[in-house]
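Here is the structure we will look at.
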Amino acid sequence: MSIRIDEKGRLFSLETAHTMYQIKADEIGVLLHVWYGPRTDADMSYRIRTMNRGFCGNPYEAQDRLDYSLDTLPQEYSGSGVGDFRSSSVEGEGADGSLSVDWRYSGYRVLKGKEKPEGLPGVRGNAETEGLEIVLEDKVSGLAAHLSYWLFEACDVIVRSVRIENRGGKAVTLTKAASMCADLPYGRKQVMHFHGRWAAERNPERVEIPSGGRLAFESRRGMTSHQSNPFIILCDPETTERQGDCAGVMLMYSGNHLEEVSADQVGSIRVVCGIHPEGFRWKLAPGESFRTPEAILSFSAEGLNALSRNYHRLIRDEVIPARWRGMKKPVLVNSWEACYFDFNAEKLLKLARSAAALGMEMLVLDDGWFGKRNDDTNSLGDWTCNEQKLGCSLKELSEKIHAEGLKFGLWFEPEMVSLDSDLYRAHPDWALTDPGRDPMVARHQLVLDMGREEVQDYLFDSISAVLKDAQIEYVKWDFNRSVANVYSRALPADRQGETAHRFMLGTYRLLERLTEAFPDVMIEGCSGGGGRFDAGMLYYCPQIWCSDDTDAVERLEIQKGTSYGYPICTMGAHVSACPNHQTGRTVPFATRGVVAQAGTFGYELDPAKLTEDEKKAVKEQIAVFHRYEDLIEQGDYYRLDEGEKDYTAWMFVSPDKGEALVSVVATHVRANAPFPFVRLQGLDPEKTYLREDTGERLTGAALTQGGISLPQFLGDYPSVQIHLTVCG
Ligand code: DGJ
C-alpha cells in the first residue's frame with residue numbers, strides 16, 4: 001500500500017518508489033506539511049518544533065500556548081488573514097465583506113481510480129491509481145477545501161489539486177485558489193526557474209531564495225508565456241545534474257499562473273503555485289465548487305537529470321494522449337520558413353515533390369491558406385480556403401500531396417480574430433474588449449472570448465468542416481499574442497474576474513471536442529514558437545513547437561532548458577535554412593540535423609533550394625533519425641555538459657541500457673585544445689559497450705567515470721553523434 005494512515009487517522013504518508021510525502025492533522029486540526037523527501041517509514045513530525053518567536057500570534061484554541069502559531073508551523077494549505085503572515089493559498093470575500101479563511105481538518109478519504117478533472121486537463125492515471133483526499137473546513141465562511149493527492153509511484157510523482165466548495169448559505173467570491181502549498185522546513189535554498197522572451201524560451205536560472213523575502217514567477221498574459229514557464233525546481237546549493245536533492249513543481253495549466261517561493265523568518269521555504277490571483281475573482285454560490293488545475297510534484301535525491309526523467313516518464317506515459325504514445329511520427333516539412341505567405345498550389349506541390357524525393361513524410365501548410373490572407377493583417381477566424389490564392393480547393397491540394405506520397409498538415413490559430421475578418425464584422429462582441437475603450441491590438445488581431453459556448457461551437461464547426469473535407473493528418477494550433485482587455489461581453493459585472501479562467505476552460509473544451517471528433521489528427525501546439533509549452537497543452541497535443549528561433553546554436557539552449565521539465569518527444573524541432581532567418585548565423589547542415597534530432601525532427605526549408613550535398617545529407621539524417629527514433633523519443637535522456645562553456649552534450653539510453661546515443665555540439669572551438677572527454681551517464685557499469693565510430697570497447701563504468709573521448713573539433717559549430725551498443 002503506498003498510502004499509509006496512522007490508527008488515529010491523522011498522519012498520512014504517501015509513498016512512491018523512492019520518495020515519501022507526509023502530512024499531519026495536529027491536535028487542534030491544523031494540517032501540517034511534515035515531509036517531502038527520500039522514502040522513509042518514520043513519522044517525521046518529530047522535526048516540527050515550536051517556540052514563541054515573538055509577534056507570531058496564536059489561534060484562539062491555543063491561546064495559552066505562546067509557542068503555537070500558524071505563522072511558524074509548516075502548513076499544507078495555508079489560510080488567510082488569521083495569523084499566518086506568509087503567502088496564502090486561498091483568499092476570498094464573504095457576503096459580509098470579511099476576507100479571512102481559517103482551515104481546520106475535517107476528514108479524509110482514500111481514493112482509487114483517477115478520473116479527468118472536469119473541464120481541465122489532468123494527469124491521466126487509471127482505475128488502479130491510488131489517491132488521498134483530505135478535507136479542510138472554514139466554519140465561518142462555509143468554505144471546504146478538498147485537497148487531493150494522486151500517486152504515480154514509478155515516476156516518483158504526486159499530483160495535487162484542490163476543489164473548493166461553498167458549503168455555507170451565502171455566496172463567497174474566491175480571489176485566490178492555489179493548486180498547492182507546502183512549507184519545506186529542511187534546506188533547498190535555491191530555486192531554478194525558466195524565463196525567456198519570444199524566440200528565446202525557457203532559459204534556466206538558479207537563484208538564491210532571499211532570507212525573509214519572496215520570489216514570484218508568473219504570467220499575467222492570459223497564456224503560459226514565453227517569459228516564465230509554470231515549472232520551478234527547488235534545490236540545495238550543492239545539487240548538480242548527477243547528485244543532490246531537488247523537488248519540482250509543475251502547473252498543468254496554460255493560462256495566468258503564479259509560483260511563489262518565499263523564505264520565512266527562520267528559513268522555512270514556502271511554495272505556493274496556481275492560477276495567478278491578480279484579476280481573478282470567482283463567485284461561488286451556495287453548493288458550488290471551484291476546481292484548481294493540477295500541480296505535478298516530483299522529488300529526486302539523485303540530482304536534476306533524475307528529476308527531469310521523472311517528469312519525462314510521467315508526461316510520456318500519463319499526460320500526452322494515449323493515441324500518440326510511443327508512436328512513430330512522420331518527418332515533416334513545414335512551409336513557414338520555406339515560403340511564408342507567398343505560395344499557391346503549384347509551388348506547394350513542387351515543394352512536396354522535392355521533399356518526398358528526399359524521404360520527408362508530411363507537408364505542413366502553415367499560415368496564409370484561408371480567407372484573403374497574404375500577410376498577417378487579416379482573416380483570422382475565417383477558416384475557409386482561399387481558393388483564389390491556392391488555385392484549387394484544399395481537398396484537391398491535399399489529394400495531390402497525398403499522391404506525392406506525403407501526409408498533409410494544416411495551420412490554424414483558433415482563438416484569434418483579425419480586425420479585418422468576416423467573423424469580427426459579424427460578431428464584434430465575440431472578441432475580448434473593454435467597454436468604451438479601444439482594444440490593444442497585437443499582430444492586427446484580437447482574442448476571442450473562448451468562454452462563450454457560441455464561440456466554441458463556431459470554431460468547432462468551421463475547423464471540423466475543413467478537417468472533414470480535406471485529407472488532413474496533422475494540425476498546427478498557433479496562438480500569436482498575449483491576452484489583454486480581459487472583459488467578456490457575455491458575463492455580468494460581478495463575474496468579469498472569471499473571464500481569463502473561463503477563456504482557458506473554453507480552449508480546453510474545444511481541444512477536447514476536436515480531439516474526440518478527429519482522434520487520428522495529431523495536433524502540434526504552438527504559440528509564436530513555445531509561448532504555450534506546458535503540461536495542460538500536452539494533454540491534447542503530443543508535441544509543441546519549441547521556439548520560433550530555428551538557429552541550431554540557439555536551439556541548444558532552448559531545448560536544453562525545455563528538457564528540465566518536458567520530454568524530448570514533445571519538442572518540435574526542425575532543420576532550417578542558413579543563414580538562419582532569426583540570427584543570420586550559418587551552422588553546418590550536419591549540426592542542424594543533430595540538434596533537430598533532439599526533438600520531433602523535421603524540416604523548415606525549401607528542399608528544392610538545397611545543394612546536392614545537402615540533399616544527400618537530408619536522406620542520411622532521415623535514415624539516422626528512423627534508426628534511433630525509439631531511443632531518442634522513448635529512451636532516458638541525460639544532460640552531460642554541466643559547467644562546460646565550449647560544448648553542449650546530451651545522451652539517450654535505452655530502457656534496458658543496451659544502447660545509447662551521445663550527441664555533442666562544439667559551440668567554441670579552441671586552438672591546441674586539451675583532449676576533450678565527456679563523462680557519460682545511465683550506462684550499465686558492469687557491461688562493455690562498443691563504440692560504433694571507432695570500434696573502441698569500454699565498460700559502462702569507464703565511460704561514466706573517465707568519459708568518452710571526443711575528436712579535436714575544427715571549424716564553426718562542429719558536432720558528433722556516437723552510437724554505443726552493449727557487446728559484453
Ligand atoms: C508563429 C509560429 O511559431 C510560426 O511557426 C508560424 O506558424 C507563424 N506563427 C505563422 O503566423
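The values are calculated or read from the model by the stated rules, or taken from the named source; none is laboratory data. Values in this document were obtained by computation on a predicted structure and should not be read as measured data. With ideal geometry, Cβ positions are generated from the backbone for all residues, glycine too; neighbour counts draw on all protein chains shown. Side chains included, ligands, DNA and RNA excluded: accessible areas come from the protein's heavy atoms. Shrake-Rupley method; radii C 1.70, N 1.55, O 1.52, S 1.80 Å.
Give me a count of the residues in the range 407-442 that are of a type in the set (A, V, I, L, M), assigned to a loop (DSSP other than H, G, I, E, B) and in contact (Cβ under 8 Å) with a residue 60 or more places away in the chain. Residues meeting the conditions: 1. Looking only at residues of the range 573-613 that are among the charged types (D, E, K, R) and closer than 19 Å to residue 339 by Cα, we find that the one that is farthest from the chain's Cα centre (by Cα) is 609.
Screening residue 290 on (1) closer than 22 Å to residue 93 by Cβ; (2) touching a Ser or Thr at 6+ places or on another chain (Cβ under 9 Å) shows it passes everything except condition (2).
Among the residues of the range 377-391, are any open to solvent by 10 Å² or more (accessible area, probe 1.4 Å), closer than 14 Å to residue 606 by Cα and outside any helix (DSSP H, G or I)? So far as the range 377-391 goes, no, none of its residues is open to solvent by 10 Å² or more (accessible area, probe 1.4 Å), closer than 14 Å to residue 606 by Cα and outside any helix (DSSP H, G or I). For the range 210-243, the candidate set comprises residues that are within 18 Å of residue 642 (Cβ to Cβ) and in contact (Cβ under 8 Å) with a residue 60 or more places away in the chain; within that set, the residue that is surrounded by the most Cβ atoms within 10 Å (Cβ to Cβ) is 233. Residues in the range 535-576 that are within 13 Å of the ligand (Cβ to nearest atom) and either open to solvent by 10 Å² or more (accessible area, probe 1.4 Å) or assigned by TED's automatic domain parsing to the domain that holds residue 297 (or both): 548, 574. Looking at the range 266-315 only, could you name the residues that are among the basic types (Lys, Arg) and open to solvent by 10 Å² or more (accessible area, probe 1.4 Å)? Residues satisfying the conditions are 281, 283, 291, 309, 313.
What's the number of the condition residue 623 fails, among (1) outside the structural domain of residue 707 (by TED's automatic domain parsing); (2) under 27 Å from the mean Cα position of the chain (by Cα)? It fails just one condition, (2). Checked against the criterion of being open to solvent by less than 10 Å² (accessible area, probe 1.4 Å), farther than 18 Å from residue 269 by Cα and hydroxyl-bearing (Ser, Thr, Tyr), the range 48-64 has no qualifying residue. For residue 78, the test of being buried (at least 22 other Cβ atoms within 10 Å of the Cβ), small (Gly, Ala, Ser) and at pLDDT below 95 is failed.
Would you pick out the residues in the range 323-356 that are of a type in the set (D, E, K, R) and either open to solvent by less than 20 Å² (accessible area, probe 1.4 Å) or within 16 Å of the ligand (Cβ to nearest atom) (or both)? Let's see the steps before the verdict.
Step one: list which residues in the range 323-356 are of a type in the set (D, E, K, R), which gives 323, 325, 328-329, 337, 342, 346-347, 350, 353.
Answer for the range 323-356, where residues must be of a type in the set (D, E, K, R) and either open to solvent by less than 20 Å² (accessible area, probe 1.4 Å) or within 16 Å of the ligand (Cβ to nearest atom) (or both): 337, 342.
From the list 202, 206, the one residue that fits, being among the basic types (Lys, Arg), over 18 Å from residue 268 (Cβ atoms), in contact (Cβ under 8 Å) with a residue 40 or more places away in the chain and assigned to a strand (DSSP E or B), is 202. Considering only residues in the range 462-482 that are more than 16 Å from the ligand (Cβ to nearest atom) and touching a Lys or Arg at 6+ places or on another chain (Cβ under 6 Å), the one that is most open to solvent (accessible area, probe 1.4 Å) turns out to be 469. For first residues located in the range 467-488 and under 27 Å from residue 520 (Cβ atoms) and of a type outside the set (Lys, Arg), partners that are open to solvent by 20 Å² or more (accessible area, probe 1.4 Å) and within 16 Å of the ligand (Cβ to nearest atom) and lie 6+ apart or on another chain with Cβ distances below 7 Å form the pairs 480/443. Here the range 527-565 is the region considered, the condition is being in a helix (DSSP H, G or I) and of a type in the set (Lys, Arg), and the residue that is farthest from residue 367 (Cα to Cα) is 560.
Of the strands (runs of 3 or more DSSP E) lying entirely inside the range 587-703, those containing at least 2 residues that are at pLDDT 95 or above and within 30 Å of residue 303 (Cα to Cα) are 636-639, 647-653, 659-666, 688-691, 697-699.
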